[in-house]
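Written below as structure tokens is the structure these notes are about.
The values are calculated or read from the model by the stated rules, or taken from the named source; none is laboratory data. Note that the structure is predicted; figures quoted are calculated from it, not measured. All Cβ positions, glycine included, derive from the backbone under ideal geometry; neighbour counts span all protein chains shown. We work out accessible area using only protein heavy atoms, side chains counted, and drop any ligands, DNA or RNA first. Shrake-Rupley method; radii C 1.70, N 1.55, O 1.52, S 1.80 Å.
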Amino acid sequence: MGTKEINISIKEIETEIGNIKDLRFSVGRLAQETWDEPQGPTPFPSMSTLRNWDLTLLNRYKPFYLPFCDLCCLCTFGKCDLTGDKKGACGITMPGQQSRIVLLAACIGAATHTSHARELVTHLIEEFGADTRLDPGGLNIKVEAPITRLVCGMKPETLGDLEMVLDYSEQQITQLLACTHTGQEGNPVDLESKVMHTGMIDHLSMEVADIAQISSYDLPKADPNAPLVDIGFGSVDTTRPVILVIGHNVPPSVEIMDYMQDNELIGDIEVTGICCTGIDMTRYSSKAKIIGPISWQIRYIRSGIPDIIVVDEQCIRTDVLDEARALKIPVIATSGKNCLGLTDRTGDPPEEIIDDLVSGKIDGALIMNPGEVGVVAVRTAMQIAPKRKKKKSGIFLSPAEALEMAKECTQCRECRRACPNDIHIPDALKAFSRGEPAMLTGIYESCVGCIRCESACPQEIPIHSLIVAAGEDTLRNESFKLRAGRGAIQDIEIRQVGGPIVLGEIPGIVAFVGCANYPKGGNELAEMAIEFANRRFIVCTSGCAAMTIGMYRDEDGKSPYEVYSGTFEAGAIVNVGSCVSNAHISGAAVKIASIFARRNLRGNYAEIADYVYNRVGAVGVAWGAMSQKAVSIAAGFWRLGIPVIVGPHGTKYRRMLLGRSDHDEDWYVDDTRTGEKVYVGPVPEHLFIAVETKEEAMVMIAKLSMRPNDTSRGRALKLTHYIDLHRRLLGAMPTDIHRFVRMEADIPITMKEDIVAILKEKDWKETVIPDPTLLPEKEAFP
Amino acid sequence: MSQEAWLTAEVAGPKKASLITKPEIADAMIRRAKRPIFVVGSIAAEIDLEEKKLIDYVIAMAKRYNIQVVATGNTNNEFLKRGFTPDAVMPAVDIGNRLTDPRWQGVDGKGPHDLAIFVGLPYQMGWTILSGLKNFAPNLKTISLDNVYQPNARWSFSNISIKNWIMNLEAILVNRED
Ligand code: SF4
Ligand code: SF4
Ligand code: SF4
């Protein structure tokens, strides 16, 4: 690494001023140069260091604000009505307020990943020591932490080194959050620049978290052939004691599996996970099983199958304890960030806690030591399982009960008016009570398990349970294979695909990431992933999206991970891992610039982002984006110039970043070969856009994968996909083809006649393919 | 008839859509508009209005009132199936964004639109885009013709039954024939 802090601690020292005990101090950060790459212009950038780069992007992609609330209630001057051109008592405008809320959300997201990373690194240092070497990919990876190198200009070598990165992240997030205070930043564009800074910090912290856990727990190390693991409700052997873990921070789950291993209990107990802890458990042990994404929480808990629930942090239903209590499932909370109101039993003798849990004296316990969680969870599950046999039936409601309940419905429609997907629940219940279950069964697929319908129902009908009862066959058949998260992309893989990507001959990298707030069920996501793998894109995925893609069967009964390669290559579906593994996707884009194109990475953010933006046809898709983390993850991609598409719920993120294809003046770049300004067309046309349907999303993915640097061969290929999808899914030729054809050689041969006719009609003129940059020369190559 | 959002939680701010209590209101707005535009979302082809679909009403209205049509999502397909070619195909947020630009010369390049009629978008997507227009397109009038209350439009139906909706849509078409 580049610099090191020296910590000195002295137990006891005799001095002139007396006897001093337990003295600890740091003597600053000493330079320790072991990395010969020259330091770039912006190591450890402050929130305004990269402002010019952000403004360059924001000049092309201006926010289209979609206020989700016309009021502000952040201070006691308020509520203030900001509608139209009104201002708040502090002077803020509606655009400023919307950008401020986006920044607030991004700060929540980045703080969440950073705090997760800190908790993980602190624990791993305690467990394995600060000198533990970072090794995310063995001999296959030399650029071990591309984002850290890029942002911080340092090369971390040990777990201890990562603490300095986190110090920086924490400091930045504190400052960014401070900007949202009343009377602080109010300029919308500056707020947007800060959103991008937050996103960059988020990717940094995600990278720290994942390389720390990969290195310490020996998770798959950039392994394209990581094992296939079980996913789905139907893969669980319910005759055994079952542990359910929910959340994102894996140490408690690791301790559970270690305890089972040490006591030869593997095979006797099922360890199952929901959300990213599930993903990371299966990276640690292929014996662990994933149930599904976050929307499976209620249906799985209500099945009664788990004998104990262990929650760590993030994306856990806050009513988990109430749901568990109803089925006498004890809950262990393991994080200070999510105590659930439980008594802190950390450090109590395990026997006592287990007795209290098994006897039902307590509903749950807070245990903030992962090792203790391992013992208590496993032994409680074993002792309580026989007592819970009747409750573990997995039957939600008997057919008679379900019918009885459906008959209680008065057709008031309150449930439908609460449902985020406007699902026609009342009609389905009416049909069900007449003995026609098909409609209710169909709802199972598109229900995101939020149970807002139940809260709204004046008849107190357990609507979600009715839906799951109707969909029970589907649920029980959920048994698929998922390729465990492989972690980073190897340097050699980057070398092999770098050229074809930058020249446009691999049509794009598309990353399906994010949460499970799908508008019409998860199959749409799997279908998109398959479509683009078949089109020879490199498909990457992570987190809940990776699970959803796995929960799909083709005609031969195979999941996509059984059919497609896990190597980072054209036509693959690459599961990198959990939420924090998203940093490997941005990291891969950055590594293309450094490993393939040999650009200096170190502390050289703007140049690398400019490279990625102009050359790497990567697109992020967060089809079911729901969380604040999704904002910060997206923002980290935006700053690198990687566009992000969200599903229809995504307009609630309060603003889009849209280009205007009709403003020709927006789409000029500098040609570094000639110094001329060259029109390159709207590529990529948008930086952040919500689309309405799966079909529209697919067309948009193909469109946003075009880049100024595409060779004619590459552009022709990308245009073929765009036009083909547009014709097939939207029914006609796109009308903007002339904006993407730079010279005749760009025209796909098979479509030549049609396209030439359009070009004539549009008065198209040939231009050149530049060596594109958005940075004035002196900034690009300082 | 009330100004209650269809999704209970989607309460708007102080400025809320006036109710289209009778079809003449919508009819008069469309009549008065010089450059109206229809923004038609994907649900328009899904909703059954007795023997027709919502999109069939849209086509009839667009023809009779000479309204330009933007198909969002994959709605274009459904229009083409019915032998009708929309004037533009673009994402809903893209057309929303352009409508906030007073210099934008409209889908045909002949001048800014003065009325946007929204129909068939997913509820919350329509809600948020109409909010963008309410706040940032002061010179544009907006109408929602869905059968649910869209508080951020300038004018909207309240949450009305399918039957009532059909009556209203038919009446708008009939009025125009006068
Ligand atoms: S922060 Fe500003 S706009 Fe918000 S309530 Fe306070 S004074 Fe009003
Ligand atoms: S649980 Fe399902 S049906 Fe109920 S409101 Fe949520 S998404 Fe709609
Ligand atoms: S809220 Fe309850 S009573 Fe009303 S329609 Fe829905 S299920 Fe029926």
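For the subset of region A:455-477 comprising residues that are part of a helix (DSSP H, G or I) and within 14 Å of another protein chain (Cβ to nearest Cβ), which member is surrounded by the most Cβ atoms within 10 Å (Cβ to Cβ)?
A:Ala456
Quick check: is even one residue across region A:728-751 surrounded by 13 or more Cβ atoms within 10 Å (Cβ to Cβ), in a helix (DSSP H, G or I) and in contact with a Gly (Cβ under 6 Å, 6 or more places away or on another chain)?
Yes, region A:728-751 contains a residue that is surrounded by 13 or more Cβ atoms within 10 Å (Cβ to Cβ), in a helix (DSSP H, G or I) and in contact with a Gly (Cβ under 6 Å, 6 or more places away or on another chain).
Within region A:426-436, is there a residue that is within 14 Å of chain B (Cβ to nearest Cβ), away from ligand 1 (no atom under 16 Å from the Cβ) and either open to solvent by less than 60 Å² (accessible area, probe 1.4 Å) or at pLDDT below 95 (or both)?
yes
If the requirement is being away from ligand 1 (no atom under 16 Å from the Cβ) and out of contact with any Ser or Thr (no Cβ under 9 Å at 6 or more places or on another chain), which of these qualifies: A:Asp307, A:Asp312, A:Asp363?
Working: A:Asp307 fails: out of contact with any Ser or Thr (no Cβ under 9 Å at 6 or more places or on another chain); A:Asp312 fails: out of contact with any Ser or Thr (no Cβ under 9 Å at 6 or more places or on another chain).
Of the residues listed, the single one that is away from ligand 1 (no atom under 16 Å from the Cβ) and out of contact with any Ser or Thr (no Cβ under 9 Å at 6 or more places or on another chain) is A:Asp363.
Collect the residues in region A:156-213 that are touching a Cys at 6+ places or on another chain (Cβ under 7 Å) and without any contact (Cβ under 8 Å) to a residue 60 or more places away in the chain, keeping them in residue-number order.
Matches in region A:156-213: A:Val165 only.
Of the residues that make up region A:713-730, is at least one farther than 21 Å from A:Leu687 by Cβ, more than 32 Å from the chain's Cα centre (by Cα) and of a type outside the set (D, E, K, R)?
no
Please determine, by comparing only the residues of region A:401-425 that are within 11 Å of ligand 2 (Cβ to nearest atom) and assigned to a helix (DSSP H, G or I), which one is farthest from the other protein chains (Cβ to nearest Cβ). It would help to see each step written out before you state the result.
Here is the first cut: in region A:401-425, the residues within 11 Å of ligand 2 (Cβ to nearest atom) are A:414-425.
Next, from what is left, pick out any that are assigned to a helix (DSSP H, G or I): A:414-418, A:425.
Numbers: A:Glu414: 7, A:Cys415: 10, A:Arg416: 9, A:Arg417: 5, A:Ala418: 6, A:Ile425: 13 Å.
Of everything passing the filter in region A:401-425, A:Ile425 is farthest from the other protein chains (Cβ to nearest Cβ).
(1) within 9 Å of chain B (Cβ to nearest Cβ); (2) more than 19 Å from B:Met90 (Cα to Cα): which one isn't true of A:Glu676, the others all being true?
(1)
Can you tell me which residue is farthest from A:Lys142 (Cα to Cα) among those in region A:563-607 that are crowded, with 22+ Cβ neighbours inside 10 Å and among the aromatic types (Phe, Trp, Tyr)?
It comes out as A:Tyr605.
How many residues does region A:489-517 hold that are open to solvent by less than 10 Å² (accessible area, probe 1.4 Å) and part of a loop (DSSP other than H, G, I, E, B)?
Number satisfying all stated conditions: 4.
Scan region A:253-272 and report the pairs whose first residue is assigned by TED's automatic domain parsing to the domain that holds A:Gly292 and of a type in the set (Asp, Glu) and whose second residue is open to solvent by 60 Å² or more (accessible area, probe 1.4 Å) and at pLDDT 95 or above, with Cβ atoms within less than 6 Å and a gap of 6+ or a chain change.
Close Cβ pairs (under 6 Å, with a partner that is open to solvent by 60 Å² or more (accessible area, probe 1.4 Å) and at pLDDT 95 or above) amount to A:Glu270/A:Arg240.
Mind checking which pairs have a first residue in region A:669-686 that is free of Cβ contacts under 8 Å to residues at least 24 places away in the same chain and a second that is outside any loop (DSSP other than H, G, I, E, B), Cβ under 6 Å, 6 or more apart or different chains?
Taking only residues 6 or more apart or on different chains, the pairs are A:Lys677/A:Tyr668.
Going through region A:178-189 one residue at a time, which ones are assigned to a helix (DSSP H, G or I) and touching a Leu at 6+ places or on another chain (Cβ under 9 Å)? Working first, answer last.
First, the residues of region A:178-189 that are assigned to a helix (DSSP H, G or I): A:178, A:188-189.
Answer for region A:178-189, where residues must be assigned to a helix (DSSP H, G or I) and touching a Leu at 6+ places or on another chain (Cβ under 9 Å): just A:Val189.
Mind telling me which of the residues A:Met700, A:Met656 ends up being touching a residue at least 12 places away in the same chain (Cβ under 8 Å), part of a strand (DSSP E or B) and either open to solvent by 40 Å² or more (accessible area, probe 1.4 Å) or at the interface with another protein chain (Cβ under 10 Å from one of its Cβ atoms) (or both)?
Testing whether each residue is touching a residue at least 12 places away in the same chain (Cβ under 8 Å), part of a strand (DSSP E or B) and either open to solvent by 40 Å² or more (accessible area, probe 1.4 Å) or at the interface with another protein chain (Cβ under 10 Å from one of its Cβ atoms) (or both) leaves just A:Met656.
If B:Gly73 satisfies all but one of (1) open to solvent by 10 Å² or more (accessible area, probe 1.4 Å); (2) under 14 Å from A:Glu696 (Cβ atoms); (3) touching an Asp or Glu at 6+ places or on another chain (Cβ under 8 Å), what's the number of the condition it fails?
B:Gly73 satisfies every listed condition except (1).
Taking the residues in region A:437-453 that are within 14 Å of chain B (Cβ to nearest Cβ) and touching a Ser or Thr at 6+ places or on another chain (Cβ under 8 Å) as candidates, determine which candidate is nearest to ligand 3 (Cβ to nearest atom).
Taking the candidates together, the pick is A:Cys450.
State the number of residues belonging to region A:58-75 that are farther than 27 Å from A:Pro682 by Cβ, open to solvent by 20 Å² or more (accessible area, probe 1.4 Å) and more than 9 Å from ligand 1 (Cβ to nearest atom).
Selection size over region A:58-75: 2.
Check whether at least one residue in region A:39-48 is assigned to a loop (DSSP other than H, G, I, E, B), within 13 Å of chain B (Cβ to nearest Cβ) and under 30 Å from the mean Cα position of the chain (by Cα), and report yes or no. I'd like the intermediate steps shown before the answer.
Looking only at region A:39-48, we keep the residues that are assigned to a loop (DSSP other than H, G, I, E, B), and these are A:39-48.
Subsequent filtering for residues that are within 13 Å of chain B (Cβ to nearest Cβ) retains none.
No.
For region B:92-115, how many residues are open to solvent by less than 10 Å² (accessible area, probe 1.4 Å) and away from every other protein chain (no Cβ under 12 Å)?
2
Looking at region B:147-167 only, could you name the residues that are touching a residue at least 60 places away in the same chain (Cβ under 8 Å) and touching a Ser or Thr at 6+ places or on another chain (Cβ under 9 Å)?
Result: B:Val148, B:Tyr149, B:Gln150, B:Pro151, B:Asn152, B:Ala153, B:Arg154, B:Trp155, B:Ser156, B:Phe157, B:Ser158, B:Asn159.
In region B:6-26, what residues are part of a helix (DSSP H, G or I) and either buried (at least 18 other Cβ atoms within 10 Å of the Cβ) or touching a strand residue (DSSP E or B) at 6+ places or on another chain (Cβ under 7 Å) (or both)? Lay out the reasoning, then the answer.
Pass one, region B:6-26, residues part of a helix (DSSP H, G or I): B:23-26.
B:Pro23, B:Ile25, B:Ala26 - these are the residues of region B:6-26 that are part of a helix (DSSP H, G or I) and either buried (at least 18 other Cβ atoms within 10 Å of the Cβ) or touching a strand residue (DSSP E or B) at 6+ places or on another chain (Cβ under 7 Å) (or both).
Going through region B:76-91 one residue at a time, which ones are within 15 Å of B:Ala44 (Cβ to Cβ) and open to solvent by 20 Å² or more (accessible area, probe 1.4 Å)?
The initial filter retains those residues of region B:76-91 that are within 15 Å of B:Ala44 (Cβ to Cβ), namely B:76-82, B:84, B:86, B:89.
Within region B:76-91, B:Asn77, B:Glu78, B:Leu80, B:Lys81, B:Arg82, B:Phe84, B:Val89 qualify.
Looking at (1) within 14 Å of chain B (Cβ to nearest Cβ); (2) more than 13 Å from ligand 1 (Cβ to nearest atom); (3) within 18 Å of A:Ser632 (Cα to Cα); (4) open to solvent by 30 Å² or more (accessible area, probe 1.4 Å), can you tell me which one A:Val102 breaks?
The single condition A:Val102 does not satisfy is (4).
So for region A:76-86 (the condition being more than 14 Å from every other protein chain (Cβ to nearest Cβ), over 27 Å from A:Ser193 (Cβ atoms) and open to solvent by 20 Å² or more (accessible area, probe 1.4 Å)), does at least one residue qualify? Even if it seems obvious, please write down each step before you answer.
Taking region A:76-86 and keeping what is more than 14 Å from every other protein chain (Cβ to nearest Cβ), we get A:76-77.
Cutting the leftovers down to over 27 Å from A:Ser193 (Cβ atoms) gives us A:76.
Those left that are additionally open to solvent by 20 Å² or more (accessible area, probe 1.4 Å): A:76.
Looking through region A:76-86, at least one residue is more than 14 Å from every other protein chain (Cβ to nearest Cβ), over 27 Å from A:Ser193 (Cβ atoms) and open to solvent by 20 Å² or more (accessible area, probe 1.4 Å).
How many residues are acidic (Asp, Glu) and not in a helix (DSSP H, G or I) if we restrict to region A:106-134?
Initial filter on region A:106-134 (acidic (Asp, Glu)): A:119, A:126-127, A:131.
Filter again for not in a helix (DSSP H, G or I), leaving A:131.
Summing the residues that are acidic (Asp, Glu) and not in a helix (DSSP H, G or I) in region A:106-134 gives 1.
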